[in-house]
Amino acid sequence: FLEVARDAVVEVAAQGKLVLFVGTKPQAKEIVRREAERCGMPYVIERWLGGTLTNFTTIQQSIRRLSVIDKWESDGTLEQFTKKERLQLLRERDKLRLLFGGIERMNRLPGMLYVVDVVREHIAVKEARILGIPSVAIVDTNADPEWVDYPIPANDDSVATIDLLTRTIADAVIEGRHVARQRGKDIESLMEESEAGSPASGEGSEPHRRLDEHAAPESASGDSSTV
């Protein structure tokens with residue numbers, strides 16, 4: 001099972017596609033963040049917001065808002081606001097970074113999901129299935145392997161198991177990215193081209209619009225159903 005899943009990840013990364021790492025359970029968070037960053041992939045380690053995939057346009061608006069506030073802070077635009085407004089903006093920025101920091105540079109839908117716990121992340125798995133995005137996942141005895149394309153039967157509560165399997169998937173991504181570079185399809189170059197072609201937001205020149213016009217949605221979708 002692991003070898004089949006690994007080969008699938010290599011192929012997706014070799015095509016220059018993103019692999020989104022998802023693991024919000026406490027024992028998985030740091031491992032998922034570390035390994036996703038090591039292989040240069042986006043990740044979700046806080047709660048999954050409904051619509052992260054199926055309503056990606058709305059999620060992108062929140063990510064752009066995060067970029068705008070960062071820009072305002074770096075270029076001094078924040079100083080044009082009152083002290084109260086600055087505090088509100090910085091709190092908003094911190095909340096957005098907590099929720100979206102791991103997918104801040106995910107400028108398009110991923111080509112695959114890697115999920116630590118399919119029961120806990122059932123909404124993410126469901127959204128991937130709706131969009132036809134293949135998923136690789138650790139599947140414990142309490143989950144149905146039919147939910148995912150490439151199940152890896154294992155104990156998803158074991159830190160050692162999560163660490164081993166997540167490192168294996170990250171290594172597969174790195175291997176695939178090496179192939180992608182040889183094909184001229186590396187993720188970094190594709191992301192840079194996309195970012196250069198579309199500005200972070202048109203809000204940068206309008207710093208005095210009402211703050212609540214850009215408030216981040218608590219969830220992009222009300223979907224909380226199970227798979």
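Just so you know, all these numbers are worked out from the coordinates, no wet-lab data involved. The model shown is predicted, which means the values in this text are computed figures rather than measured ones. Counting neighbours? That spans all protein chains shown, and the Cβs are built from the backbone with ideal geometry, glycine included.
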Residue count, region 25-77, condition touching a residue at least 60 places away in the same chain (Cβ under 8 Å) and part of a loop (DSSP other than H, G, I, E, B), comes to 13
Can residue 28 be described as surrounded by 21 or more Cβ atoms within 10 Å (Cβ to Cβ), in contact with a Phe, Trp or Tyr (Cβ under 7 Å, 6 or more places away or on another chain) and either among the hydrophobic types (A, V, I, L, M, F, W, C) or more than 18 Å from residue 118 (Cα to Cα) (or both)? no
Kindly check whether there is at least one residue in region 45-65 that is buried (at least 19 other Cβ atoms within 10 Å of the Cβ), in contact with a strand residue (DSSP E or B) (Cβ under 9 Å, 6 or more places away or on another chain), of a type outside the set (Lys, Arg) and farther than 18 Å from residue 131 by Cα. yes
Among the residues of region 14-30, is any of a type in the set (Asp, Glu) and in contact with a helix residue (DSSP H, G or I) (Cβ under 6 Å, 6 or more places away or on another chain)? no
Within region 125-138, the count of residues that are within 17 Å of residue 2 (Cα to Cα) and buried (at least 23 other Cβ atoms within 10 Å of the Cβ) comes to 4
What number goes with the only condition from (1) over 22 Å from residue 39 (Cβ atoms); (2) surrounded by fewer than 18 Cβ atoms within 10 Å (Cβ to Cβ); (3) not basic (Lys, Arg) that residue 122 does not pass? (2)
